[in-house]
Amino acid sequence: MSIFSSDKPSSETGHINVIAEFQTKLGKEQEVRTMLSALVEPTRKEDGCKSYHLLEAKHTAGAFVTYEEWTGEDKLQKHLDGIQDKLEQAKPLLEVDPKITVLNHLI
């Protein structure tokens, strides 16, 4: 699954940021929290991962966000390919598909 369009390349440095948003179904918060938490340490060790943070909304039950920094699209794509099965397993626990926003690092 590629999330990159050829008309919007990464900045010249290749550094990109990612925000992934997850909204669980009612009562599935702990299952998704556990699944997402299990990804943190392995992801931080992946080639090209500069940082990876899992956050939970303070006032919205079941809302989770990952904030990620990658050295390039190729490294991020390898990560996404590697977690595709986990994302599929999470889908029945979510209200909607995860929203993944890839941002060019400008400054």
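Taking R0 as 30 Å, what FRET efficiency do you get between Glu56 and His15 from their Cβ-Cβ distance, rounded to the nearest 0.05?
Step by step, r from the Cβ atoms, then E = 0.70.
Given a Förster radius of 25 Å and the C-beta distance between Asp74 and Leu103 as r, what FRET efficiency does 1/(1 + (r/R0)^6) yield to the nearest 0.05?
0.90
Measuring from a point 7 Å past the Cα of Asp85 along Cα-to-C-beta, which residues in the range 31-49 have an amide N at less than 13 Å?
none
How far is helix 73-90 tilted off the main Cα axis of the chain, in degrees rounded to 10, range 0 to 90?
10
Give the value in nm², to one decimal: projected area of the alpha carbon convex hull of the chain, averaged over all directions.
7.0
Taking the 0 to 90 degree range and rounding to the nearest ten, how far is the long axis of helix 29-44 tilted relative to the main principal axis of the chain, both from C-alpha atoms?
30
Just how large is the dipole of the chain about the Cα centre, in debye to the nearest 20, putting +1 at every Lys and Arg Cβ and -1 at every Asp and Glu Cβ?
Computed charge dipole of the chain: roughly 280 debye.
Every number here is computed from the coordinates shown, using simple stated rules; none is lab data. Owing to the predicted nature of the structure, the values given are computational and were not obtained by experimental measurement. Cβ coordinates were reconstructed from backbone atoms using ideal geometry, including for glycine residues, and neighbour counts include every protein chain displayed.
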